[in-house]
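The values are calculated or read from the model by the stated rules, or taken from the named source; none is laboratory data. Given the structure is predicted, the values throughout are model-derived calculations rather than measurements. All Cβ positions, glycine included, derive from the backbone under ideal geometry; neighbour counts span all protein chains shown.
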C-alpha cells in the first residue's frame with residue numbers, strides 16, 4: 001500500500017538528477033503516484049520521467065510563462081482526467097550581496113521562485129476546486145526565515161519569503177474547497193545547486209550551525225513533501241514545515 005496510490009502528481013523543475021524535485025518524484029512514484037515532471041528542458045524531463053518507470057510523463061514547461069503553465073496542465077488533465085498533487089519545486093538561486101543585485105538578477109530569481117509558483121498553482125486550481133480535492137506543496141527556504149546567510153542572496157530570501165505569504169493566503173482562500181496548500185522550508189541540503197560552490201570553510205561554518213551536525217539530503221525534503229501530499233496531513237493547510245536538522249530552533 002502506497003500513500004499516493006492512484007494519485008496523479010505534478011512536480012516542477014524536477015529533471016535535475018540530484019535535485020529535490022527528482023527525489024520527490026521518485027518517492028511519490030514508489031508510493032503509487034503517477035508523476036509528471038515539468039522542466040524547461042523537455043528531453044531532460046522525459047528522461048527523468050522514464051527513470052521513474054512506465055507511465056510517468058515528462059513535459060516542457062516554463063513556469064514563468066502563464067500560457068506555458070496552462071498548456072501543460074491542459075495536456076495533463078486531458079491525459080489523466082485530474083491532478084491530485086502539485087509540488088512547486090522549480091527554483092533558482094544566486095549568491096549575491098545586496099548591492100550586487102541588478103534588475104536582471106531580481107527578475108530571474110523572483111520570476112522562477114515566486115511568479116512560477118503562482119502561475120502553476122493558478123493553472124491547476126480550477127480543476128482542484130471543481131473536484132473539491134487537492135494538495136499543493138510549495139518550496140520555500142530557511143533563508144526566507146533567517147534572512148539568507150547560507151547561499152542565496154537577499155533577493156532569493158525575498159522571493160522565498162514571498163512563497164510563504166502566497167502559501168498562507170492561498171491556503172486560506174482554497175480551504176473551503178478542500179484544497180490544501182503547505183510550504184516546506186529546507187535548510188542546507190546537499191544538491192547540485194550547492195555542490196562545488198562552497199569552500200570547506202563555509203561548509204564547516206554552515207554545519208556548525210546545524211544541531212544534527214549534517215547537511216540534509218534531497219530524500220529528507222522528499223519525505224516531508226510526501227507527508228504534505230498525502231492524507232496523513234489531511235488537516236494541515238497553510239503550514240510551513242522546517243526541514244533543517246534543527247538549525248532554526250529558537
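A few remarks follow.
- Some residue of segment 5-17 being surrounded by fewer than 23 Cβ atoms within 10 Å (Cβ to Cβ) and under 14 Å from the mean Cα position of the chain (by Cα): yes
- Of all the listed residues (52, 27), the sole one being surrounded by fewer than 24 Cβ atoms within 10 Å (Cβ to Cβ), more than 26 Å from residue 167 (Cα to Cα) and under 20 Å from the mean Cα position of the chain (by Cα) is 52.
- Of the residues making up segment 5-59, those that are closer than 22 Å to residue 189 by Cβ, in contact with a helix residue (DSSP H, G or I) (Cβ under 7 Å, 6 or more places away or on another chain) and part of a loop (DSSP other than H, G, I, E, B) are 13, 14, 15, 16, 18, 19, 31.
- The residue of segment 131-167 that is farthest from the chain's Cα centre (by Cα), among those that are in a helix (DSSP H, G or I) and under 19 Å from residue 231 (Cα atoms), is 131.
- Boolean, residue 86 is more than 21 Å from residue 182 (Cβ to Cβ), touching a strand residue (DSSP E or B) at 6+ places or on another chain (Cβ under 6 Å) and buried (at least 20 other Cβ atoms within 10 Å of the Cβ): no
- Test for residue 154: is it touching a residue at least 12 places away in the same chain (Cβ under 8 Å), in contact with a helix residue (DSSP H, G or I) (Cβ under 6 Å, 6 or more places away or on another chain) and over 30 Å from residue 82 (Cβ atoms): yes
- Within segment 207-250, the set of residues being exposed (fewer than 14 other Cβ atoms within 10 Å of the Cβ) and in a loop (DSSP other than H, G, I, E, B) comprises 211, 212, 213, 214, 234, 235, 246, 249, 250.
- Neighbours by Cβ (under 7 Å, 6+ apart or cross-chain): first from segment 19-46, within 14 Å of residue 225 (Cα to Cα); second assigned to a loop (DSSP other than H, G, I, E, B) and modelled with pLDDT under 95: 19/191; 19/192; 20/191; 22/16
- Residue 173 meets all of the listed conditions (1) surrounded by 15 or more Cβ atoms within 10 Å (Cβ to Cβ); (2) outside any strand (DSSP E or B); (3) at pLDDT 95 or above but one, namely (1).
- Number of the condition not met by residue 243 [criteria: (1) under 26 Å from residue 9 (Cβ atoms); (2) touching a residue at least 60 places away in the same chain (Cβ under 8 Å)]: (2)
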